[in-house]
1. Considering only protein heavy atoms, what per residue accessible area in square angstrom results for the chain with a 1.4 angstrom probe?
2. State which entries of 123/391; 403/512; 381/496; 161/496 exceed 28 angstrom in Cα-Cα distance in the structure shown.
3. Along each of its three principal axes, how wide is the spread of alpha-carbon positions in the chain, in whole angstrom units, largest first?
4. Per residue and in cubic angstrom, what volume does the convex hull of the Cα atoms of the range 342-384 have?
5. Between residue 194 and residue 374, what is 0.36 nm times their sequence separation minus the Cα-Cα distance? Round to one decimal in nm.
6. Once R0 is set to 35 Å, what does the formula 1/(1 + (r/R0)^6) return for the Cβ-Cβ distance between residue 120 and residue 404, expressed as a FRET efficiency to the nearest 0.05?
7. Could you pull out every one of the aspartates and glutamates with an alpha carbon less than 20 Å from that of residue 520, ignoring same-chain neighbours closer than 8 positions?
8. What number in nm² do you get for the range 182-290 if you take the convex hull of its Cα atoms and divide its surface by four?
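The values are calculated or read from the model by the stated rules, or taken from the named source; none is laboratory data. The shown structure was predicted, so the numbers you read here are calculated from the model rather than taken from an experiment. Positions of Cβ are generated from backbone atoms using ideal geometry, with glycine treated the same way; all protein chains shown enter the neighbour counts. SASA here: full protein model, heavy atoms, side chains in, ligands and nucleic acids out. Shrake-Rupley method; radii C 1.70, N 1.55, O 1.52, S 1.80 Å.
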Amino acid sequence: MGIKYKITIVLVLSLSLLIVGCREDSSQQLKQQSIKSHIPVNNRAKPVIFIMIDSLMDKPLQDAIQEGRAPAMQYLLHQGQYFPHVVSSFPTMSVTIDSTLLTGTYADQHHVPGLVWYSDSRKRMIFYGNGAKEALKIDQLQVFLDAIYQLNQVHLNKKTKTIHEELADKGKESASINAIVFRGRTKHALKVPDFIANSSRVPEKMIVTGPKWLSYAALAQLNPKNSWNTPVWKKFGMNNEFSAKDTAFLISQKKLPDVTIAYFPENDNLAHRKGPTQLKGIEKADQALQTVLNAYGSWEEAVNSAIWIVMGDSAQSAVYDDRQAATVDLRSLLSHYCIAKLNQPVRSDDQIVIAANERMAYIYAINDNVELSDVVKSLQKENKLDIIAMKDGTNHIHVTKGKKGKLFSYRPGGKYMDEYGQSWTLSGEEDLVDITVNNNRIKYGKYPDILARLHGAMNSHEGRYVVVTVQPGYELVSESSPTHIGGGAHGSLHEKDSLVPLIISGTNTRPKTLRIVDIKDWILQLVNK
């Protein structure tokens, strides 16, 4: 292999890994305060600035504020409202969560199942960028195309409108800054780096649709001076400073649209490496937020002029620091099957495919002779596994656990109503999913909104598959999948992965429910007054 080819592979690998990356319970809640909305002089609804901080969690945020390391978030919180426990999507991986945020639906409707999944129709794995060991075994140009083009233009369900599309249909404008899911109505030409475009498999310019204002790391910038933030040592622009400066540019140039969605990515990597209690990532995100607020001249003017929404996408739970104890290798549990390899096409004699997403996984039966129920029985031998679920031909989802003989089954529709107004038919052992039922009312425990979120994943894409998650402290692994020993990880249905904080300033309204799936409709209401 020539040195030039090696360098090209390393750069492609770096770009794909960095563009798409890779809760602790609160003992003290910050006081919730609210203020009256300010009415702009021109009667136009105030613009919404939505800041998504990857892996932002309540307890570390409180600690950072108490130590004086997050003054901007403290200011917005004290000027507005704070909700420490907002329910994320499932799997709790950024691509699925961002798709839920933009479409206001779970994965059964938006069709983005996770960071890693298997396409039965394409007969190949889909990677949007994962660990370095996996990346060295797979086609990085395909990862690049999947993460940038296929995710937004093909995989994300065209029948499910994004917030950018709905705003455009109403004659309103929006912006997406470093968000990995961005589909809209306006065509954009993303500038593909030369070392990728020279491959002949990727064009120099990639045509995508997005909002009017689209910013995406080294591929597209709004601020002409922001190219200083796009070299390899600054993660090609997939960093907080890039996101902050492009957002501030829209403000300073008086081009701020009705809705701006900006993504601050760096806290996620620090939480993965240092664990969910680290504060450096929050401090860095707050510094970037200060840059955006300062674009108004004063923070008071910023709150008077716009509606600010700051929140996390998913939480992370701590992973034990002993590799052997912390990891559950799905291959050993399923060793009696012929498991498809990462570095080669699926073969005719392969029986199952494993797609590990940190603390959850999809396990596909790609051979007609493999019964899903047998796969479940094999998984039940491991007591570190948490939720094990499969779907039958009647749309019932059956749930069990590691080392448990119990069974819980459910389907949508029926006499049981949950706290979000969703109705269900239930049977079996309800303690498996930690729900309680009184007078036909469902109350969720440590798996928030589990019935709808799990149903979303079980119906997110074609194929026969089992969904499995692992208990807190552990991580699922398969062939070369990344691990975060002694750090943090997410992906599961557990509250430690699923609950994120929400700061609202500039309006006294809030979403219909405290779930990311209801954020989109609330934002549309804010700008359509």
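1. 38
2. The pairs that break the limit, which is 28 Å between Cα atoms, are 403/512; 161/496.
3. 68, 66, 44
4. Once divided by residue count, the hull of the range 342-384 is 87 Å³.
5. 59.9 nm
6. Approximately 0.75, to the nearest 0.05.
7. 54, 98, 108, 165, 166, 169, 173, 258, 313, 419, 449
8. That works out to 8.1 nm², a quarter of the Cα hull's surface.
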